[in-house]
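To start, the structure under review is shown below, and the notes come after it.
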Amino acid sequence: MFLTSQAKCYKDFSHMRIKEIEQRTITSPLTPQQARLDALKTQKDNVSKALDSERKRQKVTKAQQNLQKAVSA
């Protein structure tokens, strides 16, 4: 019984990221202030990634338009 539950545990963690595993090892619950800070940090990271993606998308669109102008000229 112990071996099967241990094997299942490894199976469950095999597809997880290191950060997700580290988050599971936190034993004490976060205070509301800590939870808010973590949420704001995550939100900041997500917005930063979205901003970078949008800038890259606009850069590619502008390059495609310039290429189209050069080909048609």
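Readers should treat all values here as calculations from the given coordinates under stated rules, not as data from a laboratory. Just so it is clear, the model here is predicted, and its values are computed rather than measured.
Key figures for this structure:
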read-out: Subset of K41/K62; K19/K49; K19/K41 violating a 23 Å alpha-carbon distance limit; value: K41/K62
read-out: Vicinal HN-Hα couplings computed from phi for segment 55-64 (Karplus, 6.51 cos²θ - 1.76 cosθ + 1.60; Hz; Gly/Pro x); value: 4, 5, 4, 5, 5, 5, 4, 5, 5, 5
